[in-house]
Amino acid sequence: MRLLGNIEAKVDAKGRVFLPAVFRKGLQTEREESLVMRKDVFQSCLVLYPESVWNAQMDQLRSRLNRWNRAHQEIYRQFVSDVEMITLDGNGRFLIPKRYLRMADIEQEVKFIGMGDTIEIWSAARTTKPFMEPDDFGRALEEVMGGEQQSPLQNGFDN
C-alpha cells in the first residue's frame with residue numbers, strides 16, 4: 001500500500017473532515033474499509049492506520065511484549081487505550097473527536113500527509129516550516145541511505 005501526498009483540508013465545527021480522494025482511492029484499491037486513529041507516539045499529530053496495517057502493528061508489538069511483565073503490559077495498554085475506530089460516511093467524511101483535536105492542537109486547518117502505509121493528520125499551523133532543515137535532512141539521508149558502497153575489490157572479489 002502506498003498512501004502518498006500532502007493535502008490541506010478543513011475541519012468543520014462538528015469536527016468532521018473529508019478524507020482526501022487520493023487516500024480514499026488507495027484504501028478502496030486495497031479493500032480497506034476501516035481505519036484506526038491514535039495520536040502519534042512521538043509527534044503532535046494524529047495517525048490513521050488502515051485496519052490491516054493496525055492489526056500487523058498490534059501483532060508485532062504483542063509479539064515483543066510479555067503479558068506477565070508489568071512494564072510490558074503498561075506499554076501495551078498505553079498504546080491501545082486511546083484508539084478510535086474510524087468509518088467514513090457516504091461522502092468520505094469522518095469525525096475527529098474533540099479530545100483528538102486537542103491532542104494534536106488542531107483548530108480548523110489540517111494537513112494530511114501520506115506516510116506509505118499510514119496517513120498523518122497535522123494542524124496546518126505546525127507544518128508551515130519544514131520538518132527538518134534541508135542540510136540536516138540531506139545529512140540524515142546520507143547517514144541512513146548513503147553508506148559507502150563497497151567495490152568488488154573491497155569485498156574480496158576480483159572481476
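The values are calculated or read from the model by the stated rules, or taken from the named source; none is laboratory data. Everything numeric in this text was worked out from a predicted model, so none of it was measured. All Cβ positions, glycine included, derive from the backbone under ideal geometry; neighbour counts span all protein chains shown. All accessible areas refer to the heavy atoms of the entire protein, side chains included, with ligands and DNA or RNA removed. Shrake-Rupley method; radii C 1.70, N 1.55, O 1.52, S 1.80 Å.
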Report the number of Lys pairs in the chain whose alpha-carbons are under 20 Å apart, with separation of 8 or more residues or on distinct chains. 13
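Taking 0.36 nm per residue of sequence separation and subtracting the Cα-Cα distance, how much length would be gained by fully extending the chain between V144 and Q57, in nm to one decimal?
Details: separation 87, 0.36 × 87 = 31.32 nm, distance 2.29 nm.
Value of the extension gain: 29.0 nm.
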Could you tell me the center-to-center distance, by alpha carbons, between region 82-118 and region 1-52 in angstrom? 6
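Using a Förster radius of 25 Å, what is the FRET efficiency between A125 and R16 based on their Cβ-Cβ separation? Nearest 0.05, please.
Values: r = 20 Å, r/R0 = 0.78.
E between A125 and R16, to the nearest 0.05, is 0.80.
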Gaussian network model of the chain, Cα springs within a sub-10 Å range: biggest mean-square fluctuation belongs to which of E120, E133, E33? E133
3J(HN,Hα) from dihedral phi, region 49-57, Karplus parametrisation 6.51/-1.76/1.60, rounded to Hz, x for glycine, proline: 10, x, 4, 5, 5, 4, 4, 5, 4
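Estimate the FRET efficiency between A9 and D105 by the formula 1/(1 + (r/R0)^6), using the beta-carbon distance for r and 25 Å for R0, to the nearest 0.05. Walk me through the numbers on the way to the answer.
Details: r = 16 Å, r/R0 = 0.63.
The pair A9/D105 has a calculated efficiency of 0.95.
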Pick out which of D82, D136, D40 has the largest mean-square fluctuation in a Gaussian network model of the chain, springs linking Cα atoms closer than 10 Å. D136
Report the far tail of the P(r) of region 1-127, meaning the percent of Cα-Cα pairs longer than 27 Å. 19
Accessible area (Å², per residue) of the chain, counting only protein heavy atoms and a probe of 1.4 Å: 69
Let's test the formula: R0 of 30 Å, r as the Cβ-Cβ distance of S81 and D136. What FRET efficiency results, to the nearest 0.05? 0.30
Which listed residue (L61, Y49, Q78) has the Cα farthest towards the positive end of the charge dipole for the chain, taking +1 on Lys and Arg C-beta and -1 on Asp and Glu C-beta about the Cα centre? Q78
